[in-house]
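Only one structure is covered here, and it is reproduced in the block below.
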Amino acid sequence: MKKKKILIIDDEQSLLESLEMFLSEKGYDVCCALSAAEGIKKNASFGPDIVILDIRLPDKNGLDVLQELRQRHNEKNIIIITAFHDMETTITAMKLGACEYIPKPIDIEELEKAIDRALKVGSLKRSADAISLDPSSMYEKGKIIGKSRAMKEIFKSIGLLSENTVTVLIEGETGTGKELIARAIHYHSPYKDQPLLAINCSAIVATLLESELFGHEKGSFTGAIASKKGKFELAGDGTIFLDEVSEIPFELQAKLLRFLQEKEFEHVGGERNLKSNARVIAATNKDLKEMVKNGSFREDLYYRLSVATIDVPPLRERRSDIPLLIEYIIRKINAELHRSIKKVEEKAVHRLMNYDWPGNVRELENILTRAAITTQGEVILDEFISPLLGREDKSTVERDTPDIVSLQEIEKEHILKVLSHARWHLGNSCKLLGISRPTLRQKLKEYGISVHPYAP
Ligand SMILES: Nc1ncnc2c1ncn2[C@@H]1O[C@H](COP(=O)(O)OP(=O)(O)OP(=O)(O)O)[C@@H](O)[C@H]1O
Ligand SMILES: [Mg+2]
């Protein structure tokens with residue numbers, strides 16, 4: 001294999017010598033420069049894979065050199081080493097596109113790791129060992145991503161329910177996309193030009209919640225200095241999204257029930273009967289049936305709310321959606337954080353697909369955003385992801401020590417790799433593995449790999 005080339009630009013002769021010796025011993029082809037001018041020249045002639053750059057150089061500020069190298073060779077992996085690790089310099093260096101920043105005195109292990117990472121990023125940019133983003137696809141806000149059987153059923157429900165105005169109850173764990181679904185129903189309905197007003201029932205104290213929803217008359221409670229319209233009046237023919245509906249206080253549940261039955265209500269402190277055509281979509285991450293059983297939620301209200309229900313399965317039950325979600329979320333990060341991430345290492349994708357996601361899609365967004373902001377590069381590596389996942393990380397891909405493993409371990413790993421490659425399409429995975437579907441199912445069971453029961 002061709003040796004990887006490293007160019008070191010630093011005015012400290014002794015450091016250059018010791019780094020050169022160390023890195024040459026490690027098998028790199030090393031070239032040194034004592035000044036910015038020499039460094040820029042050697043960069044052009046030597047064509048290094050990585051540049052190690054000092055900030056304080058005799059003829060030029062290293063940050064300017066960094067900028068010049070980045071502009072001329074956009075792809076360059078530049079590791080900054082410096083005794084000036086103050087906040088401003090660090091921030092500027094990272095903004096200018098340094099891939100790593102290492103303070104002096106140099107911890108050689110740290111430098112080695114940084115070099116490994118930078119090289120890996122470089123090689124992944126060219127390899128197929130990663131999820132690549134199709135550069136022609138744009139990020140579309142508010143899109144619901146999914147191609148698992150469960151998500152396809154949800155898309156159908158959204159289509160059907162947006163044609164009428166029945167009350168809908170959306171149930172699912174936190175972060176599964178309930179609000180996104182509620183919005184999609186509204187924006188696909190004939191009333192999409194009317195308001196969609198969301199209210200989180202857990203975020204407001206009981207008395208204010210009643211007034212928020214139904215409005216109040218002047219003087220009806222301390223602080224009610226003028227009369228005020230409630231959400232149901234303001235929504236017109238639009239939609240009211242009642243988030244965390246389980247938290248509506250018991251007393252208020254009767255008033256909501258009446259509205260759902262008769263479309264009528266009064267202001268707090270008022271007597272006039274008011275009407276509203278607003279549609280109600282409610283969401284909950286609690287088990288409302290259980291609450292009905294233990295008497296904390298009215299049974300009649302539960303039945304009124306759940307005329308139509310959408311049950312959003314947790315992410316761990318539709319793992320085949322994870323690669324698509326990763327792509328979508330990376331696009332979102334690129335658009336919103338002005339980044340240009342193009343790939344996610346395959347090992348990281350495995351890890352993300354095997355994690356249990358107690359916080360569902362929101363947690364996946366959070367993890368990817370955190371990984372993205374800790375890297376300057378265009379590739380998200382596994383080592384940016386692994387420390388961010390909690391103890392639920394059931395990943396089988398972690399294997400730092402090259403232990404001798406059993407044939408079964410290798411088979412399991414191979415199956416996971418194929419599944420991930422086939423985006424968890426069981427039919428395609430069977431073809432690739434050359435085994436029948438019952439055999440695959442049997443092996444999945446054996447290895448405790450869970451897939452959605454309706455995976456294609
Ligand atoms: N299928 C999906 N496709 C794209 N983005 C999604 C999907 N599901 C969820 N998200 C994103 O995940 C985040 C959480 O979604 P949302 O707020 O709709 O969840 P929720 O079920 O209402 O959560 P909570 O119960 O905590 O209120 C949002 O940023 C949303 O855009
Ligand atoms: Mg929500």
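The values are calculated or read from the model by the stated rules, or taken from the named source; none is laboratory data. Remember, predicted model here, so these are calculated numbers, not experimental data. Glycine gets a Cβ as well: all are built from the backbone with ideal geometry, and neighbour counts include every protein chain shown.
Tabulated results
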| quantity | calculated |
| --- | --- |
| Top-ranked residue of the stretch 278-299 - restricted to ones that are in contact (Cβ under 8 Å) with a residue 12 or more places away in the chain and in a helix (DSSP H, G or I), ranked as farthest from ligand 1 (Cβ to nearest atom) | Lys289 |
| Some residue of the stretch 237-248 being in contact with a Gly (Cβ under 9 Å, 6 or more places away or on another chain) and away from ligand 1 (no atom under 16 Å from the Cβ) | no |
| Cross-chain or 6+ apart pairs with Cβ under 8 Å, the stretch 336-352 first and polar (S, T, N, Q), then surrounded by fewer than 20 Cβ atoms within 10 Å (Cβ to Cβ) and part of a helix (DSSP H, G or I) | Ser340/Asn334 |
| Residues of the stretch 162-187 satisfying the condition of being away from ligand 1 (no atom under 15 Å from the Cβ), modelled with pLDDT of 90 or more and of a type outside the set (S, T, N, Q) | Val166 |
| Checking Pro190 against (1) exposed (fewer than 15 other Cβ atoms within 10 Å of the Cβ); (2) within 14 Å of ligand 2 (Cβ to nearest atom), the condition it does not meet | (2) |
| Residues (surrounded by fewer than 18 Cβ atoms within 10 Å (Cβ to Cβ), at pLDDT 90 or above and more than 30 Å from Met1 (Cβ to Cβ)) located in the stretch 35-60 | Ser35, Ala37, Pro58, Asp59, Lys60 |
| Among the candidates Gly142, Gly223, residue that is surrounded by fewer than 20 Cβ atoms within 10 Å (Cβ to Cβ) and in contact with a Leu (Cβ under 8 Å, 6 or more places away or on another chain) | Gly142 |
| Long-range neighbours under 6 Å by Cβ, at least six apart or interchain, first residue touching a residue at least 40 places away in the same chain (Cβ under 8 Å) within the stretch 161-178, second within 6 Å of ligand 1 (Cβ to nearest atom) and part of a helix (DSSP H, G or I) | Ile170/Lys178; Gly172/Lys178; Gly175/Val361; Gly175/Arg362; Gly177/Val361 |
| Residue tally, condition touching a residue at least 40 places away in the same chain (Cβ under 8 Å) and within 36 Å of the chain's Cα centre (by Cα), over the stretch 212-230 | 1 |
| Leading residue by the ranking (surrounded by the most Cβ atoms within 10 Å (Cβ to Cβ)) among those in the stretch 1-16 that are in contact (Cβ under 8 Å) with a residue 12 or more places away in the chain, among the basic types (Lys, Arg) and assigned to a loop (DSSP other than H, G, I, E, B) | Lys4 |
| Those residues of the stretch 141-180 which are outside any helix (DSSP H, G or I) and more than 16 Å from ligand 2 (Cβ to nearest atom), in sequence order | Lys141, Lys143, Ile145, Gly146, Lys147, Ser148, Ser162, Glu163, Asn164, Thr165, Val166, Thr167 |
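Each row is one residue, and each column tells you yes or no for (1) part of a loop (DSSP other than H, G, I, E, B); (2) under 19 Å from Leu119 (Cα atoms); (3) touching a helix residue (DSSP H, G or I) at 6+ places or on another chain (Cβ under 7 Å).
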residue	(1), (2), (3)
Met21	no, no, no
Gly27	yes, yes, no
Lys42	no, no, no
Val51	no, yes, yes
Asp59	yes, no, yes
Asp64	no, no, no
Gln67	no, no, no
Gln71	no, no, no
Ile79	no, yes, yes
